[in-house]
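Okay, so here's the structure we're looking at.
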Amino acid sequence: MLSTTFAALGDPTRLAIVETLLADGEKSAGELVEQSSVSAPAVSRHLKVLTEAGLINRRTEQQRRIYSVNRDGMGQISDWLQLHITFWEGSIDRLQAAVEKEDFT
């Protein structure tokens, strides 16, 4: 659900985690803690929220938890944005056409 997705991204720490994973690819929980300004338990809670929102994936490799961006979850955001971009582009085009028809003299 998009409300859960946007709520998850509404927190600056969670947004930073997603942006790190987008830029750098997979990261272990420990690496994400090292790059964060919050404690390990706080990062763990943020990772749980992001996982539950479908924005990141988690896999276990030996004793490490590895996180990556969930392309499907991010795709839902992209689809939603594209729908709204299309709407507004059409509205702006119609407004421009109406303004061009008007004689303001």
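Each reported figure results from applying straightforward, stated rules to the coordinates on display, with no laboratory input. Fair warning: this is a prediction, and the values are worked out from it, not measured in the lab. Every residue, glycine as well, gets a Cβ built from its backbone with ideal geometry; the counts of neighbours run over all protein chains shown.
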Just name the residue that is surrounded by the most Cβ atoms within 10 Å (Cβ to Cβ) out of those in the stretch 36-63 that are out of contact with any helix residue (DSSP H, G or I) (no Cβ under 7 Å at 6 or more places or on another chain) and outside any helix (DSSP H, G or I). Asn57
Name every residue in the stretch 5-48 that is more than 13 Å from Asn70 (Cβ to Cβ), touching a residue at least 12 places away in the same chain (Cβ under 8 Å) and β-branched (Val, Ile, Thr), in order of residue number. Thr13, Thr20, Val38, Val43
From the list Ile56, Ile66, which one is of a type in the set (A, V, I, L, M) and either over 19 Å from Gly10 (Cα atoms) or in contact with an Asp or Glu (Cβ under 8 Å, 6 or more places away or on another chain) (or both)? Ile66
